[in-house]
């Protein structure tokens, strides 16, 4: 089974790949017209190109421990030398620039809003809450569904397709495991588990903000704001605040000490 990063290298040490194509046969079909060495017309070991893969040893594309090279041929071509690996690794770096179109460093170390000392709530903060409430009501499906559907479509030829959604899943798991769980638990302790959807929407909105370059977000046709449609939620998040809806009231939560434990800082109707 082909995995990202997959490529073909010819006996002339030319490497062919494309983000979104993991299948060696698909890569060959795309580029064979450009290079006669990609014609599969010679039996091994006289074949003029070789199939290769470079993948994380630990299987984690977000936090790879080591990128491992594999010559994906049962019989080594006559021309193959250890030096052929170098242009393949050079192409891997080019592939990363194409594929990792998101804030990888923040994805690895996501912001926990309750580790930020919460500000005193002002009219300015409530204005942002109103904007977030309006955006959330305008989304036809949950914010999390919108975010991941948009990421899947918009970067389908790079992140999503190239790594079989493993990068996207790694981002989601990184934020969910290190921040989402603790935030959800802290909110639950403060206002009850009935606001789970609101917390999930905030986590989803923060997740989406890590992906740059997406121009169109699904289910957001009725949102008039330019740029990232859920930025109001992210603005609150990075100020150390989470806004959740409970019944007909909105609640602003934050950590006065920035110690991970939140308190209700404001509640009322928007």
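Just so it is clear, none of the values below were taken in a lab; they were calculated from the coordinates. This structure is a prediction, so every number in the text was calculated from the model and none was measured. Using ideal geometry, Cβ is built from the backbone for each residue, glycine included, and neighbour counts are taken over all protein chains shown.
What separates the Cα centres of segment 31-54 and segment 197-270 is a distance of 51 Å. Model label points for residue 39 and residue 69, set 7 angstrom from Cα along the Cα-to-Cβ axis, are 2.9 nm apart.
Once the Cβ-Cβ distance of residue 263 and residue 94 is raised to the sixth power relative to R0 = 51 Å, the FRET efficiency obtained is 0.55. Between residue 222 and residue 117, the modelled labels are 4.1 nm apart [label points 7 Å from Cα along Cα→Cβ].
Working from Cα pairs under 8 Å separated by at least six residues, relative contact order for segment 6-99 is 29 percent. Here, P(r) means the percent of Cα pairs in each 10 Å bin from 0 to the largest distance; for segment 206-270 it is 18, 40, 31, 11. Projecting label points 7 angstrom from Cα along Cα→Cβ for residue 46 and residue 246 puts them 7.8 nm apart. Translational diffusion of segment 6-99 was estimated from the Stokes-Einstein equation, with Rh taken as the Kirkwood radius over Cα pairs; at 10 °C and 1.306 mPa s the coefficient is 116 µm²/s.
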